[in-house]
Amino acid sequence: MKTLFLKVDPENPDLTKIQTAAEIIRRGGLVAFPTETVYGLGADALNSEAVLALFEAKKRPLDNPPIVHVADPREVYRLVEDVPAKARVLMDKFWPGPLTLIFRHSQIVPNVTVAGLDTVAIRMPKHRVALELIKQSCRPIAAPSANLAGKPSPTTAQHVFEDLDGRIDAILDGGATNIGVESTVVDLSVDPPLLLRPGGTPFEALKKVVCEIKLHAFVKAEQELSLKEIRSPGMAHKHYAPKAEVILVEGKVPAVSAKVIELAESFGLKGKKVGILATDETQTCYQADVVKSLGSRSNLASVAQNLFRLLREVDSENVDIIIAEGVSSEGLGLAVMNRLRKASGYHIIKAGRAKGSK
Ligand code: TXA
Ligand code: MG
């Protein structure tokens with residue numbers, strides 16, 4: 001299949017190009033598009049065949065449902081059984097924006113779109129291109145992140161192209177995404193609501209509005225969860241994993257730097273090609289084959305924005321090992337740390353702690 005490339009201005013997109021993309025969605029095709037978080041790969045959420053094609057193009061396991069994107073909160077009422085009062089409060093406050101809410105779904109949502117679950121994940125993105133595409137398609141759009149399953153999510157159209165060229169109908173290129181990590185996922189089909197995936201909307205901001213929200217154990221997990229603990233299919237799958245082995249070093253900054261130096265030296269001596277994902281505050285301490293900064297520790301939004309791009313960049317240098325520094329888990333740091341821990345396959349070293357202590 002030839003993938004059509006449509007470049008648009010993210011602030012003021014050419015509506016004829018969006019119309020071309022919307023026409024593809026309406027006839028059951030696949031279009032990648034920018035959102036404020038990461039690029040999504042869209043299909044008509046109410047068309048089972050289109051959604052099946054979406055899973056195939058991404059090589060995504062069929063048990064992991066995509067998020068359904070809407071351009072108007074009123075659309076939710078058609079797709080779900082019940083909108084709890086807490087959901088209305090969250091939609092009012094955070095939509096459009098990087099917050100996905102999970103509801104019990106109505107009859108009109110096909111089984112494949114929800115992977116056979118009785119719930120559906122819905123969000124309204126805050127991006128002109130995404131909103132115009134949904135409006136002009138006249139359908140809710142099912143859109144997982146537009147990467148091959150297991151790869152870091154795409155934050156540019158180029159990333160989408162690397163993973164999916166020839167596998168999808170079109171890519172709407174609206175430049176780099178702003179937030180850089182995916183939306184926060186909150187399950188409202190249970191009470192109290194449960195945060196399943198940290199993302200672009202910080203936990204602290206949600207708690208100010210609905211104070212009883214709980215964090216699922218997965219959010220801060222430092223090891224693989226057992227099957228009975230899993231509430232979101234995405235928790236069970238391999239994610240964000242570059243080709244290289246990733247080691248995450250967590251702790252206070254001086255101890256982290258010392259550990260990173262020690263690891264880089266010892267892998268270097270073994271003839272391994274080493275990449276380091278450092279921060280602005282520490283990057284000059286290191287000598288390795290590739291050293292990149294995720295951003296400043298005092299600006300976790302910039303770290304989130306750079307994270308997936310840098311995982312891809314370091315990996316493209318064909319390093320054997322990526323040593324990444326952990327950052328604080330406050331604000332967007334919670335999402336960053338959750339992605340880094342998963343990317344490392346939970347290969348986490350606590351710097352500055354005696355061996356054997358937890
Ligand atoms: O920012 C985002 O959320 C991006 C952009 C494109 O909107 N989308 C995204 O989609 O990250 P995806 O499919 O890569 O991640 C959706 C997550 C997965 O972890 C999936 O398991 C979970 O949401 N999910 C979807 N439906 C669910 C449900 N009914 N119950 C629990 N988790 C669900
Ligand atoms: Mg994804």
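The values are calculated or read from the model by the stated rules, or taken from the named source; none is laboratory data. This structure is a prediction, so every number in the text was calculated from the model and none was measured. Every residue, glycine as well, gets a Cβ built from its backbone with ideal geometry; the counts of neighbours run over all protein chains shown.
Taking the criterion of being closer than 18 Å to Phe103 by Cβ and not in a strand (DSSP E or B), would at least one residue in region 165-185 satisfy it? The answer is yes, given that some residue of region 165-185 is closer than 18 Å to Phe103 by Cβ and not in a strand (DSSP E or B). Residues in region 327-358 that are surrounded by 20 or more Cβ atoms within 10 Å (Cβ to Cβ), touching a helix residue (DSSP H, G or I) at 6+ places or on another chain (Cβ under 6 Å), in contact (Cβ under 8 Å) with a residue 60 or more places away in the chain and not in a helix (DSSP H, G or I): Leu332, Ala351.
Take the conditions (1) over 20 Å from Thr156 (Cα atoms); (2) surrounded by fewer than 17 Cβ atoms within 10 Å (Cβ to Cβ); (3) away from ligand 1 (no atom under 14 Å from the Cβ); (4) not aromatic (Phe, Trp, Tyr); Asn12 misses just one of them, which is (1).
Here Val274 qualifies as in contact with a helix residue (DSSP H, G or I) (Cβ under 9 Å, 6 or more places away or on another chain), more than 16 Å from ligand 2 (Cβ to nearest atom) and either more than 28 Å from His105 (Cβ to Cβ) or touching a residue at least 24 places away in the same chain (Cβ under 8 Å) (or both). Scanning region 195-253 for residues that are hydroxyl-bearing (Ser, Thr, Tyr) and touching a Phe, Trp or Tyr at 6+ places or on another chain (Cβ under 9 Å), we see that the one that is nearest to Met124 (Cα to Cα) is Thr201. Of all residues in region 106-123, those being buried (at least 19 other Cβ atoms within 10 Å of the Cβ) and either of a type in the set (A, V, I, L, M, F, W, C) or more than 8 Å from ligand 1 (Cβ to nearest atom) (or both) number 7.
If I ask for residues that are part of a helix (DSSP H, G or I) and either touching a Gly at 6+ places or on another chain (Cβ under 8 Å) or of a type in the set (A, V, I, L, M) (or both), which ones from region 107-125 would you list? Result: Val112, Val114. Among the listed residues Arg104, Arg88, identify the single one that is in a strand (DSSP E or B), more than 16 Å from ligand 2 (Cβ to nearest atom), of a type outside the set (A, V, I, L, M, F, W, C) and at pLDDT 95 or above. None of the other options fit; the residue is Arg104. Within region 130-147, being over 12 Å from Ala45 (Cβ atoms) and either within 16 Å of ligand 2 (Cβ to nearest atom) or crowded, with 24+ Cβ neighbours inside 10 Å (or both) holds for Ala130, Leu133, Ser145, Ala146, Asn147.
Looking at Leu62, Leu52, Leu46, Leu41, which one is in contact (Cβ under 8 Å) with a residue 40 or more places away in the chain, at negative phi and assigned to a strand (DSSP E or B)? First the steps, then the outcome.
Details: Leu62 fails: assigned to a strand (DSSP E or B); Leu52 fails: assigned to a strand (DSSP E or B); Leu46 fails: assigned to a strand (DSSP E or B).
Matching residue, one of Leu62, Leu52, Leu46, Leu41: Leu41.
Residue-by-condition table, conditions (1) free of Cβ contacts under 8 Å to residues at least 40 places away in the same chain; (2) under 22 Å from Ser316 (Cα atoms); (3) crowded, with 22+ Cβ neighbours inside 10 Å:
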| position | (1), (2), (3) |
| --- | --- |
| Asp165 | no, yes, no |
| Asn178 | no, no, no |
| Thr184 | no, no, yes |
| Pro192 | yes, no, no |
| Thr201 | no, no, yes |
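The C-beta contact set for region 125-153 (first residue under 19 Å from Arg78 (Cβ atoms), second residue more than 9 Å from ligand 2 (Cβ to nearest atom) and among the basic types (Lys, Arg), distance under 9 angstrom, 6+ apart or interchain) comprises Gln136/Arg26; Ser137/Arg26; Cys138/Arg26; Arg139/Arg26; Pro140/Arg78. Identify the residue in region 130-164 that is touching a helix residue (DSSP H, G or I) at 6+ places or on another chain (Cβ under 7 Å) and in a helix (DSSP H, G or I) and, among all such residues, is farthest from ligand 1 (Cβ to nearest atom). Out of the qualifying residues, it is Gln136.
Taken over region 193-209, the criterion of being part of a loop (DSSP other than H, G, I, E, B) and either within 11 Å of ligand 1 (Cβ to nearest atom) or at pLDDT below 95 (or both) is satisfied by Gly199, Gly200, Thr201.
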